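S.K.: After the structure tokens below, expect a handful of questions from me.
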Amino acid sequence: MSLSNSPDPAVREAVVQQDLGNVLHPIVQHRTLETKQMVVTGGEGSTIVDADGTEYLDGMAGLWCVNIGYGRTELAEVAAEQMRQLAYFPHTAMNVPAAALAEKINGLMGGDYHTYFVNSGSEANEAGFKIARQYMKHEYPGEYRFKTISRYFAYHGTTLATLDAGGMGERKAKFEPFSGDFVHVAHPYCYRCPFGLSYPSCGLACVKNMETTILGEGPETVAEVIVEPIMSGVGVAVPPDEYLPEVESLCRKYGILLHVDEVINGFGRTGKMFAHQHYGVSPDIIAVAKGISSAYLPIAATVVKNSVFDSFLGDPSENRQVAQVNTYGGHPVAAAVALRNIEIMEDEQLADRAATMGDYLIDGLRGLVSHKIVGDVRGKGLLIGVELVKDRATKEQLDAAQIGGVVDFCRDHGVIVGRGGGGRRNGTTITLCPPLVITRAECDRIVETLDRALGTLDIG
Ligand SMILES: Cc1ncc(COP(=O)(O)O)c(C=O)c1O
């Protein structure tokens, strides 16, 4: 492997000073950057390299997104060629790559969908909320169906509406108050069931809670339910198999749209092209981002079922067209790159690979239960959580600083792992979401490094 990096401490230091003096970074405390920084200069496969020459195995695929791995120079050629041909024109007109990408997405989703292009996962969900509301105005004139039902501890994006939809109190606190148009219900997190029950004797109390909420709010006020099939932000919660079909049945029963957030789950991550395909449901609105281009360029989409699309058809005088626009939606260069990215996934059967490698990695991680602080190992495909506890019997959460130590130990030993859970920044689940091209040897390295990191915390 060549990461074409020639370490030069002086150049690195110059970048650090330039950055510290000028950049405002997301979510990290700048004071910590004064003493410890990564200046990422290259990547290949599942590995990235810092300007000082240090290589890291990226167990998080960047921010859960570089599905085909780093260093695919072929995508640079695709981008350059498209830029030479047509760099941009608004998507009120048609363009070649966006049409082909929409056709590809429709094919992957079973052939009953149209795609509205945006630029980020937040925007994809936000457009989904608006499309659901507009659909309800068309289909139920005179009624006021506007609410979205979502789950506590979900994450659906960073804009005000998507934050409101999300159920992470800590992330929302600084921006309150919110509109109140997003009504939250209990999430299907079996390891810490919000009702203190166990599956299957619980009878899916979380779905019953959703139905009670819909009835309490009044179904005639509800436009949609939003769910991320496998909840990433809570520390990777895989619901029981019947959960999503039962949520879909509720939506059908009350005339509510089912909006599925596939921003992380989609494009092979969980062992199928889309996570909802594990559960045989047929969503009305599907938000996709991240893996759609493996983050080689920013692009995302709100994919709508044709029954929703049809509601937007009519004579121009009826004013039924999609009532929103964004400058970069359907960007030809991003679309061309996304299309080739998906073709690579298909050629290399990366969804199948995620299933196989995911099983392999989860098996390895299950061996870590020899550490008493490992409470739960769960996941689907290459979307995995290892929840750490003080005590397995009580499930008391590990101290934030201790789990920070695990993450730091791994990074200091060349392996990047994430952390999340409980909707908190300092959650106590180690998350793994590596590029789908990860090798067995690299999976072994993640397990070995975590093993050593956990060893530093072994108690009793
Ligand atoms: C499930 C989910 N939905 C939506 C988003 C928002 O995507 P973006 O950061 O591209 O706006 C994220 C981001 O991590 C996510 O994890």
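The values are calculated or read from the model by the stated rules, or taken from the named source; none is laboratory data. What you see is a predicted model; the values in this text were computed from it and never measured. Here the Cβ is made from the backbone with ideal geometry for all residues, glycine too, and neighbour counts use every protein chain on show. Keep in mind that these areas ignore ligands, DNA and RNA; they rest on the heavy atoms of the full protein, side chains included. Shrake-Rupley method; radii C 1.70, N 1.55, O 1.52, S 1.80 Å.
S.K.: Within the bounds of the range 373-380, is there any residue that is at positive phi, assigned to a strand (DSSP E or B) and within 21 Å of the chain's Cα centre (by Cα)?
M.R.: Yes, that holds for at least one residue.
S.K.: For the list (1) within 16 Å of the ligand (Cβ to nearest atom); (2) over 20 Å from the mean Cα position of the chain (by Cα), I need the number of the one condition that GLY167 fails.
M.R.: GLY167 satisfies every listed condition except (2).
S.K.: Just to be sure, is GLU126 of a type in the set (D, E, K, R) and closer than 24 Å to LYS272 by Cβ?
M.R.: Against the criterion (of a type in the set (D, E, K, R) and closer than 24 Å to LYS272 by Cβ), GLU126 does not qualify.
S.K.: Checking GLY107 against (1) within 16 Å of the ligand (Cβ to nearest atom); (2) without any contact (Cβ under 8 Å) to a residue 24 or more places away in the chain, only one condition comes out false. Which one?
M.R.: Among (1) within 16 Å of the ligand (Cβ to nearest atom); (2) without any contact (Cβ under 8 Å) to a residue 24 or more places away in the chain, GLY107 violates only (1).
S.K.: Related question: Can you confirm whether the range 162-171 contains a residue that is of a type outside the set (S, T, N, Q), open to solvent by 20 Å² or more (accessible area, probe 1.4 Å) and under 22 Å from LEU297 (Cβ atoms)?
M.R.: No; the residues of the range 162-171 include none that is of a type outside the set (S, T, N, Q), open to solvent by 20 Å² or more (accessible area, probe 1.4 Å) and under 22 Å from LEU297 (Cβ atoms).
S.K.: Looking at the range 197-244, which of the residues that are on the phi > 0 side of the Ramachandran plot and modelled with pLDDT of 95 or more is most open to solvent (accessible area, probe 1.4 Å)?
M.R.: GLY203
S.K.: In the set ALA154, ALA79, which member is outside any strand (DSSP E or B), within 30 Å of VAL236 (Cβ to Cβ) and either within 16 Å of the ligand (Cβ to nearest atom) or in contact with a helix residue (DSSP H, G or I) (Cβ under 6 Å, 6 or more places away or on another chain) (or both)?
M.R.: ALA154
S.K.: Any idea how many residues of the range 252-298 are among the β-branched types (Val, Ile, Thr) and open to solvent by 10 Å² or more (accessible area, probe 1.4 Å)?
M.R.: Residues flagged as among the β-branched types (Val, Ile, Thr) and open to solvent by 10 Å² or more (accessible area, probe 1.4 Å) within the range 252-298 amount to 3.
S.K.: Just to be sure before I move on: is TYR88 open to solvent by 20 Å² or more (accessible area, probe 1.4 Å), in a helix (DSSP H, G or I) and aromatic (Phe, Trp, Tyr) in the structure I sent?
M.R.: No, not satisfied.
S.K.: Determine, yes or no, whether ALA102 is modelled with pLDDT under 95 and either more than 17 Å from VAL337 (Cα to Cα) or out of contact with any Pro (no Cβ under 7 Å at 6 or more places or on another chain) (or both). Working first, answer last.
M.R.: Values: modelled with pLDDT under 95: no; either more than 17 Å from VAL337 (Cα to Cα) or out of contact with any Pro (no Cβ under 7 Å at 6 or more places or on another chain) (or both): yes.
Spelling it out, it is not the case that ALA102 is modelled with pLDDT under 95 and either more than 17 Å from VAL337 (Cα to Cα) or out of contact with any Pro (no Cβ under 7 Å at 6 or more places or on another chain) (or both).
S.K.: In addition: Identify, by number, the condition in (1) open to solvent by less than 40 Å² (accessible area, probe 1.4 Å); (2) out of contact with any strand residue (DSSP E or B) (no Cβ under 6 Å at 6 or more places or on another chain); (3) at pLDDT 95 or above that ARG378 doesn't meet.
M.R.: The single condition ARG378 does not satisfy is (2).
S.K.: Any residue that is under 25 Å from LYS172 (Cβ atoms) and open to solvent by 10 Å² or more (accessible area, probe 1.4 Å) - is there at least one of those in the range 425-445?
M.R.: yes
S.K.: Still on this model: So, PHE117, is that one more than 30 Å from GLY218 (Cβ to Cβ) and crowded, with 21+ Cβ neighbours inside 10 Å or not?
M.R.: yes
S.K.: Follow-up question, since we're still on this one. Could you please let me know if HIS138 is modelled with pLDDT of 95 or more and within 15 Å of the ligand (Cβ to nearest atom)?
M.R.: no
S.K.: Test ARG192 against the criterion of being open to solvent by 50 Å² or more (accessible area, probe 1.4 Å) and either within 14 Å of the ligand (Cβ to nearest atom) or of a type outside the set (D, E, K, R) (or both), and give yes or no.
M.R.: Here the answer is no, as ARG192 does not meet what is asked.
S.K.: Being part of a helix (DSSP H, G or I) and of a type in the set (A, V, I, L, M, F, W, C) is the filter; apply it to the range 157-192 and report the residue that is nearest to VAL227 (Cα to Cα).
M.R.: Looking at the filtered set, the residue picked out is ALA165.
S.K.: Which numbered condition trips up LYS130, out of (1) within 16 Å of the ligand (Cβ to nearest atom); (2) open to solvent by less than 70 Å² (accessible area, probe 1.4 Å)?
M.R.: LYS130 satisfies all of (1) within 16 Å of the ligand (Cβ to nearest atom); (2) open to solvent by less than 70 Å² (accessible area, probe 1.4 Å) except (2).
S.K.: Restricting attention to the range 141-151, which residues are in contact with a helix residue (DSSP H, G or I) (Cβ under 8 Å, 6 or more places away or on another chain) and either in a loop (DSSP other than H, G, I, E, B) or of a type outside the set (Lys, Arg) (or both)?
M.R.: Scanning the range 141-151 gives GLU143, TYR144, ARG145, PHE146, THR148, ILE149, SER150.
S.K.: Spot the failing condition for PHE175; the list is (1) within 16 Å of the ligand (Cβ to nearest atom); (2) more than 20 Å from the chain's Cα centre (by Cα); (3) more than 30 Å from GLY420 (Cα to Cα), and only one is missed.
M.R.: Among (1) within 16 Å of the ligand (Cβ to nearest atom); (2) more than 20 Å from the chain's Cα centre (by Cα); (3) more than 30 Å from GLY420 (Cα to Cα), PHE175 violates only (3).
S.K.: Right, another one. Search the range 53-65 for residues that are buried (at least 22 other Cβ atoms within 10 Å of the Cβ) and pair each with any residue that is aromatic (Phe, Trp, Tyr) when their beta-carbon atoms are under 8 Å apart and the residues are at least 6 apart or on different chains.
M.R.: ASP58/TYR70
S.K.: So, one more: Give me the pairs, please: first residue somewhere in the range 321-343 and free of Cβ contacts under 8 Å to residues at least 12 places away in the same chain, second residue anywhere and part of a loop (DSSP other than H, G, I, E, B), beta-carbon distance under 7 Å, and either six or more positions apart or on two chains.
M.R.: Listed by first residue and then by second, the contacts come to GLN321/PHE312.
S.K.: Only one of PRO7, PRO26 is within 30 Å of THR449 (Cβ to Cβ), within 16 Å of the ligand (Cβ to nearest atom) and open to solvent by 60 Å² or more (accessible area, probe 1.4 Å). Can you tell me which?
M.R.: PRO26
S.K.: Could you figure out which of (1) within 16 Å of the ligand (Cβ to nearest atom); (2) hydrophobic (A, V, I, L, M, F, W, C); (3) modelled with pLDDT under 95 isn't true of PHE117?
M.R.: Failing condition for PHE117: (3).
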